[in-house]
Each structure stands twice: as C-alpha cells, then as structure tokens.
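Engineer: One structure coming up, written as structure tokens, with questions to follow.
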Amino acid sequence: MMPAAPQQPLPSTCITVNGQSHVLQVDGDTPLLTILRNHLYLKGTHYGCGSNQCGACFVLIDGFAVASCDTPIWAVAGKSVTTVEGLGTPEQPHRLQEAFLAGQAAQCGYCTSGILISAAALLSRNPHPAEADIHQALDRNLCRCGTHNRVVEAILRAAGQPAPRTP
C-alpha cells in the first residue's frame, strides 16, 4: 500500500466584506455565498437556486449586484463586497431599508435582501429612477409574493420620489 500523499495547504485569499478585510484559507473555487454564510456568519444573503437564477443571494461587488452563489472566492479578491448587513445598521438603516419597513414591502422576506441589493445598485447609478428603471433593475430577482407593488413604491420613496397612485 502506498502512503497517502501529503495534503497541500489551502491558499490564502484576502477579501473585503462590508469594509472589513478577511484572510481565509479556502479553495479558490468556493462560492462567495458559502464564505459569507459559513465562514463569516453573515446570514442575510440567502441561498435560493444555486445557479444565478433567483437573486436571493445577490451582493454588491464593487457596486454591482452579483449572484454570490456562483461567484468563486478568487473572483472577489481585491474587490469590495457589500452584503445586506453592510447597507445599514439597526441604529442607522439604509434609506432603502427604512423605506421597505415603512411601506411594509416584504411578505415572507426570503428574497428581500437580494432585492435591497439590486435596488442599492440601481440607486447608486441612478439616484432618481423612473418606475420602468426599477422594474428593469429587479428583473433578475425572482419573487412571487404579493408585495411587488410595495417594493417598487419603497424604492421610489427611498429615491425621494412620490409613489405612483394605484387606481
């Protein structure tokens, strides 16, 4: 019987999440979502489909909404990652978080973190979006609850715009 080959140490990867640097020894192909939830214990980013189809796992990477479920950790080295926890704090919520709470823009809440991330990316690029811009920005977020109109109204409110009047 041949002796087992010595195991190679895992490479170190440095990532910045919510403004804090972390050095991790993980396989470079480990999905960012796994790192966030299982290594950094940031549970606000949710596992949905695992194949970049639903938006539940969206995070901001250098300001863009990206699916963390299929983004390998090596791809975020040297970039800034923001999770829903990094948008605001309980004491100082982000304007989107305030608008979502005020407008009761969540039902089960599973998709809400991904929607908040998509909305934050939109507002960083377009501080005064039209309703059509919001619908386009949320196109990659799969949600089947009954609060979609409230979500759009909350994003408009966060942008300082009046919500559309429904008949």
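No lab work stands behind these numbers, since they all come straight from the coordinates. Worth saying up front: this structure is predicted, and the values here are computed from it rather than measured. Here the Cβ positions follow ideal geometry from the backbone for every residue, glycine too, while neighbour counts run over all protein chains shown.
Engineer: Does a label point 7 Å from the Cα of SER51, set along Cα-to-beta-carbon, have any residues of the stretch 116-159 with amide nitrogen under 20 Å, and which are they?
Structural biologist: Those under the cut-off are 139-144.
Engineer: Would you calculate a helix-derived [θ] at 222 nm for the chain, using -39,500 (n - 2.57) for each DSSP H run of n ≥ 4 and dividing by the full residue count, to the nearest 500?
Structural biologist: Estimated from H runs of four or more residues: -7500 deg cm²/dmol.
Engineer: Next question, about the same structure. Enumerate the amide H contacts of SER80 below 5 Å, restricted to partners 5 or more residues apart or on another chain; note that Pro and chain-start residues carry no placed amide H.
Structural biologist: Long-range HN contacts for SER80: ASP62.
Engineer: Stick to the Cα atoms of the chain, pair each with every other, and give me the Kirkwood hydrodynamic radius in Å at one decimal.
Structural biologist: Values: mean 1/r = 0.0594 Å⁻¹.
Evaluated on the chain, it is 16.8 Å.
Engineer: For a quick protection proxy, order the peptides 84-96, 108-120 by their average other-Cβ count within 10 Å, most packed first.
Structural biologist: Peptide ranking by packing, descending: 108-120, 84-96.
Engineer: Quick one: 3J(HN,Hα) in Hz for the stretch 43-59, Karplus 6.51/-1.76/1.60 with θ = phi - 60°, rounded, Gly and Pro as x.
Structural biologist: 8, x, 7, 9, 7, x, 9, x, 9, 6, 10, 10, x, 5, 9, 4, 9
Engineer: Defining a contact as two alpha carbons under 8 Å apart and six or more residues distant in sequence, what relative contact order in percent does the stretch 9-128 show?
Structural biologist: 28 percent
Engineer: Ok, one more. Report the FRET efficiency, 1/(1 + (r/R0)^6), for ARG144 and SER12, where r is their Cβ-Cβ distance and R0 is 45 Å, rounded to 0.05.
Structural biologist: Working: r = 41 Å, r/R0 = 0.91.
Efficiency at R0 = 45 Å is approximately 0.65.
Engineer: Taking the Cα centre of the chain as the origin, how large is its charge dipole in debye, to the nearest 20, when only Lys and Arg (+1) and Asp and Glu (-1) carry charge on their Cβ atoms?
Structural biologist: Using only the charged Cβ atoms, the result is roughly 280 debye.
Engineer: Further question: Could you calculate the contour length gain from GLU98 to SER124, that is, 0.36 nm times the residue separation minus the distance between their Cα atoms, to one decimal place in nm?
Structural biologist: 7.7 nm
Engineer: Now for a separate question. Apply the Karplus curve 6.51 cos²θ - 1.76 cosθ + 1.60, θ = phi - 60°, to the phi angles in the stretch 29-38 and return the couplings in whole Hz, x for Gly and Pro.
Structural biologist: Couplings: 8, 4, x, 3, 4, 4, 4, 4, 7, 9 Hz.
Engineer: Pop out the ³J(HN,Hα) list for the stretch 148-154 in order, Karplus 6.51 cos²θ - 1.76 cosθ + 1.60 with θ = phi - 60°, rounded to Hz; leave Gly and Pro as x.
Structural biologist: Using θ = phi - 60°, the values come out as 4, 4, 5, 4, 4, 4, 5 Hz.
Engineer: Also: Hey, rough spin-label estimate for THR34 and CYS108, points 7 angstrom out along Cα→Cβ, what's it come to in nanometres?
Structural biologist: 2.5 nm
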